[in-house]
Amino acid sequence: MINSKQKRHLLLSYRSAMAFFVLHFSAVFAFAQVSRYFGQIPAGNSDTNGFVRIDKVFCDIPLGNGRSAELFFKFSTDPRLEPKYLGAYWTIPFFESNVVKLSSNIYRWIAPNLRTYTFNKLPKNDRGYKETYILNTTGSLKLNVAKDGSVCIENVDDPKNRYLFREGKLVSFCEGRDADTFRISYENGNRPRVLYNVGKNSTEIEFAYNKEGFLTKIIFPEDKKSIIITYCNCDTLAEDGITKQGKLLKSISSITIADEKKENYKYSAEAKKKNRKILTKNETEEVFANVPINKFEQRIGEDNKGFIEWDATTGIIVSDSGGEYAVRNPIFDKYSTEYGDDYFVTSRKREIKTKESRISYKKPENKYAEVWDYSLRTAIKIEQNPHTGEQTRTSYIGTPGNALMKIRKIEKRISNKTNWSIISTRIYNNNGNIIRENYGNGNIKEFIYDKKNQHIKTIDNGKLIYKNSDANGNGIIYLKRINENYFIKKTMRNNVTEVFIVDKAGNEIKIGVEDDE
């Protein structure tokens, strides 16, 4: 039997098991196109290209179907970004969603979560539309061009899950069945003015601008709260590394979010150039460039929250108040020894993102650098633990299909070792659903689906560990084995989930109830 001391210990283990469940299975289900996507942030304050990247969430909008969309300010030193209504370096990605016709047969959609989708033209148009395109990977989305030039993107299996664009701007969206429909209005063509919930007949957010066209206030009418934004001269260097931009550009000097302290920002150019380490494909090669430096500083109340420095000529991060960066970016980094290689010259002309990138971030207190290494060409990502030096190599499925960019294999290797050990390999069916995961220790996990492609069972080494509930809300779920003697059991009855700790003999102790309605 389980005594009270064991129960307390196992309760803690249960919470850990639940955390694992959330983290593990959040990767299995597809996120909505308006859900926040952090795949672009690999290490520290760097994005996947090596440019400075900071996100500041300012609100969470319920979508009506149990999910929500986080709206956030994004600070980026990507030189391709043009200053808009937030001045230099800042944007609100949610309103940057757009559709672009790349050729007579191809459209590209940058979704509100910054993911990119490419559509190929179909030989036959949908009724009532001038042109019809299909998502080139899974075919799960359609893009229809109307006679008036507006564009509608919708889910093939759920037509209510749709996004409407006029003149390239997102003007309406709904996340599907049971979700609300939202409309976005703009002023002067490109500045968001109102986010409106059609079903609730309510204004979610209003945006106010000054005479110069800069966003100065974000208003939440229902909560009767506002965010205040102020601006200052942006005294950083231009790409030539010489010209001060203070007389030409402005940028955000402060953001005051309701119920939180005011955040103040300062922009400057350093008097001296700085050596920037450059990574190459040859990991033993040492390359440096002496570059002009721009600096961004943040202060919250009286507290100095540190700085970030970047190369003024390329936008690539150099250091922050926590450590030093080194970047491999043969597409955008003109100082890279690989910049002139034919492969990257061709890629630079055809692509908007880096095919090969590597970010290293070394804090003085850590024995090893934090490493993020990704090849779009081979669909392989490598990460390094800054405390142990252990590396994890994740291989993704790079070929078009329903399993595109899903994990194919996970491997690890210990610091200073050359051999990789297989942690797991995964197999998918034609619908892109995982059906088997083989672990390096010999364990096998199988996933079973019904005719409607719904996940109904998971079997771990021949033992049932998950069973979907039936039509009456009854079922049984074994979430996670805690150790060799105990595991967690969840039993669902009439949509109420009871949680138990079970020992090897089958003895149960109820430790909680969850209402799933």
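Readers should treat all values here as calculations from the given coordinates under stated rules, not as data from a laboratory. Computed from a prediction, not measured in an experiment: that's the story for all the values here. Methodologically, a virtual Cβ is constructed for each residue, glycine included, from the backbone with ideal geometry; neighbour enumeration extends over all protein chains shown.
Give the order of LEU279, LEU376 when sorted by the count of other beta carbons within 10 angstrom, beginning with the fewest.
Ordered from fewest to most neighbouring Cβ atoms within 10 Å, LEU279, LEU376 come out as LEU376, LEU279.
Note down, for the stretch 358-424, the three equivalent ellipsoid semi-axes (square root of 5 times each alpha carbon gyration tensor eigenvalue), biggest first, whole angstrom.
Result for the stretch 358-424: semi-axes of 25, 14, 8 Å.
Give a quick list of trypsin sites (Lys or Arg not before Pro) in the stretch 267-304 that DSSP marks as loop, anything other than H, G, I, E or B, with at most 10 other Cβ atoms within 10 Å.
Here the sparse-neighbourhood loop sites are LYS272.
Residues with beta-carbon under 10 Å from that of PHE296, excluding PHE296: net charge, scoring Lys, Arg +1 and Asp, Glu -1?
Here the charged neighbours net out to -1.
Can you list the lysines whose alpha carbon is less than 24 Å from that of LYS147, not counting same-chain residues fewer than 8 positions off?
List returned: LYS101, LYS121, LYS124, LYS130, LYS160, LYS169.
How large is the convex hull of the Cα atoms of the stretch 284-415 per residue, expressed in Å³ as a whole number?
Roughly 161 Å³ of hull volume per residue.
Given Cα pairs under 8 Å that are at least 6 residues apart, what percent is the relative contact order of the chain?
So the answer I get is 8 percent.
What lysines does LYS363 reach when the alpha-carbon gap must be under 17 Å and sequence neighbours fewer than 8 apart in one chain are set aside?
Within reach: LYS277, LYS305.
Would you please give the FRET efficiency between ASN105 and ARG193, computed as 1/(1 + (r/R0)^6) with r the Cβ-Cβ distance and R0 = 41 Å, to the nearest 0.05?
The pair ASN105/ARG193 has a calculated efficiency of 0.75.
Pull out the extension gain between VAL57 and THR388, defined as 0.36 nm times the separation in residues minus the alpha carbon to alpha carbon distance; nm, one decimal.
116.0 nm
ASN485 versus VAL513, label points 7 Å from Cα toward the beta carbon: distance in nm?
The modelled label-to-label distance comes out at 3.0 nm.
Quick one: helix 4-26 against the long Cα principal axis of the chain, what's the angle to the nearest 10°, folded into 0 to 90?
That works out to roughly 50 degrees.
Test of the criteria: in the stretch 187-218, which GluC sites (Glu not before Pro) are in a DSSP loop and have at most 16 other Cβ atoms within 10 angstrom of their Cβ?
Sparse-neighbourhood loop GluC sites (Glu not before Pro): GLU212.
Where q = 0.11 Å⁻¹, what log10 of I(q)/I(0) comes from the Debye formula for the chain, counting one point per Cα?
Once normalised to I(0) and log-transformed, intensities are -1.22.
State, to one decimal in nm, how far the label point of THR284 lies from the label point of ASN441, with both points 7 Å from Cα in the Cβ direction.
For the pair THR284/ASN441, the computed spacing is 3.7 nm.
Let me know the volume per residue of the alpha-carbon convex hull for the stretch 146-304, in Å³.
Taking only Cα atoms, the stretch 146-304 has a hull volume of 249 Å³ per residue.
To make sure I understand, if each residue's beta carbon is the centre and we count other beta carbons within 10 Å, what order do ASP341, ASP180 fall in, fewest to most?
ASP341, ASP180
For the stretch 100-178, what is the Kirkwood hydrodynamic radius in Å, using each pair of distinct C-alpha atoms?
One over the average 1/r among Cα pairs gives 12.6 Å for the stretch 100-178.
Looking at the stretch 374-438, which chymotrypsin sites (Phe, Trp or Tyr not before Pro) are in a loop (DSSP not H, G, I, E or B) and have at most 16 other Cβ atoms within 10 Å?
Those that pass, being in a loop and sparsely packed, are TRP420.
Post the alpha-carbon centroid distance, the stretch 37-100 to the stretch 324-391, in whole angstrom.
21
Checking a compactness column here: for the stretch 189-237, what do you get for Rg(Cα) / (2.2 N^0.38 Å), N being the number of residues?
Compared with the compact-globule rule of thumb, the stretch 189-237 sits at 1.42.
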